[in-house]
Amino acid sequence: MSIIKDNNFKPNVFFKNKHINTIYRHFVSKTEVNYERERMQTRDGDFLDLDKSLKNSNKLILAIHGLEGSSDSTYIKSLVHSANNKGFDVIALNLRGCSGEQNKKLNSYHSGKTEDVWDVIQYINEKYSYEEINIVGYSLGGNLTLKFMGEFAEKLPKNIKSAVAISTPCDLKGSAYTLSKGFNKVYQYRFIKSLRKKSEEKFQLFPNNNLNENKILASKSFKEFDNYFTAKANGFKNADDYWKKSSSKQFIKFINKPTLLISALDDPFLNESCYPFEEAKNHKHFNFLPTKYGGHVGFYQNFNSKKNTWLNDTILNFINKS
């Protein structure tokens, strides 16, 4: 059985609140990282911006952010800082349209766009000579990571050593449903507001887009936005088709390299279908670490930032032992 029972993550009473643990990082994290930006051209005439923090290492971590995040996300910068201190180079991938500049195509980044991850790996191996590459993805980036490791399992380069996914919506439909309920609508509103703004920029760039602009700008849920924009702009029939084809849960069985999923059981973004207990049973390569508390990409235990290293320590320890 590859389900890991954790006894080390023990938050105080304050951080046992899932919403506090989810939002706390955004208000207190002050980690600064000096990136060097490198622009990569994609095969379809678009671009991806890679932000590098290099220490002349032969070991690399490719970090992938979550929905509407970037290399500037607090959890990414925290990982970069910790990984650099442990002797890793880090390249933080900004998904299409997430680097501060709108991408050049009508289509967008989304939870299943693993072809971009593949192209980045190919690009890195053409330009650099790392002995090992480890992929770390958060939330949407975690879904990309797990899907990629399973979908591309049979043709992964030999230097892909391991992968770690954190707070991952392995079942996109289940996650969308959960975010449409109760207090979780606060998170949904924040994401939809940002996504609608980006879609407005797309309409200006592509006036003949054949999309229902009024429906998109009036969207109040992931169901609506993914129906009218994400699916239509990226070649899916509708939101259900997008969610079904892009959910990483179905690809876990194909994973053939050391992979770890860390998710809190109180994550307000996830429901039961997002926790792959059955998929982890007796899996030789996939490990699932569910914690009782932690929220969504939180995993804070106390107010001492110098001692709040559980998540990064767990990620890096797994990579080093893989």
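Summary table below
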item: Condition broken by ASP266, with the remaining ones in (1) assigned to a loop (DSSP other than H, G, I, E, B); (2) charged (D, E, K, R); (3) free of Cβ contacts under 8 Å to residues at least 24 places away in the same chain satisfied; result: (3)
item: For SER57: the one exception among (1) modelled with pLDDT under 95; (2) of a type outside the set (Val, Ile, Thr); (3) more than 22 Å from LEU261 (Cα to Cα); result: (1)
item: Verdict on ASN210 being over 28 Å from HIS283 (Cα atoms), in a loop (DSSP other than H, G, I, E, B) and not small (Gly, Ala, Ser); result: yes
item: Any chance HIS283 is assigned to a loop (DSSP other than H, G, I, E, B), within 20 Å of ALA63 (Cα to Cα) and touching a residue at least 60 places away in the same chain (Cβ under 8 Å); result: no
item: Matching residues in the range 306-319 - criterion: being outside any loop (DSSP other than H, G, I, E, B) and surrounded by 14 or more Cβ atoms within 10 Å (Cβ to Cβ); result: TRP310, LEU311, ASN312, THR314, ILE315, LEU316, PHE318, ILE319
item: Some residue of the range 170-181 being surrounded by fewer than 19 Cβ atoms within 10 Å (Cβ to Cβ) and touching a residue at least 60 places away in the same chain (Cβ under 8 Å); result: yes
item: Boolean, GLY141 is in contact with a Phe, Trp or Tyr (Cβ under 6 Å, 6 or more places away or on another chain) and at pLDDT 95 or above; result: no
item: Residue identified as under 17 Å from the mean Cα position of the chain (by Cα), crowded, with 22+ Cβ neighbours inside 10 Å and more than 28 Å from LYS161 (Cα to Cα) among PHE269, PHE299; result: PHE269
item: Options PRO258, PRO169; residue that is more than 25 Å from ARG96 (Cβ to Cβ) and either assigned by TED's automatic domain parsing to the domain that holds CYS98 or touching a Cys at 6+ places or on another chain (Cβ under 8 Å) (or both); result: PRO258
item: Selected residue (only one of TYR75, TYR109, TYR35 is of a type in the set (Phe, Trp, Tyr), within 16 Å of the chain's Cα centre (by Cα), at pLDDT 95 or above and farther than 30 Å from LYS232 by Cβ); result: TYR75
item: Lone qualifier among LYS237, LYS197 - being charged (D, E, K, R), out of contact with any helix residue (DSSP H, G or I) (no Cβ under 9 Å at 6 or more places or on another chain) and free of Cβ contacts under 8 Å to residues at least 60 places away in the same chain; result: LYS197
item: Residue among LYS181, LYS173, LYS161 that is out of contact with any Gly (no Cβ under 8 Å at 6 or more places or on another chain), closer than 30 Å to ASN56 by Cβ and of a type in the set (Lys, Arg); result: LYS161
item: Of all residues in the range 120-137 being touching a strand residue (DSSP E or B) at 6+ places or on another chain (Cβ under 9 Å) and without any contact (Cβ under 8 Å) to a residue 60 or more places away in the chain, the one that is surrounded by the most Cβ atoms within 10 Å (Cβ to Cβ); result: ILE121
item: Selection status of THR309, polar (S, T, N, Q), more than 30 Å from ASP226 (Cβ to Cβ) and more than 16 Å from the chain's Cα centre (by Cα); result: yes
item: Given (1) at pLDDT 95 or above; (2) closer than 21 Å to ARG96 by Cα, number of the condition GLN204 does not satisfy; result: (1)
item: Residue match in the range 83-95 (condition: assigned by TED's automatic domain parsing to the domain that holds GLU68, small (Gly, Ala, Ser) and under 25 Å from GLU201 (Cα atoms)); result: yes
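The values are calculated or read from the model by the stated rules, or taken from the named source; none is laboratory data. Treat the numbers as computed from the prediction; the structure is a model and nothing was measured. Please note: Cβ atoms are built from the backbone with ideal geometry, for glycine as well, and neighbour counts cover all protein chains shown.
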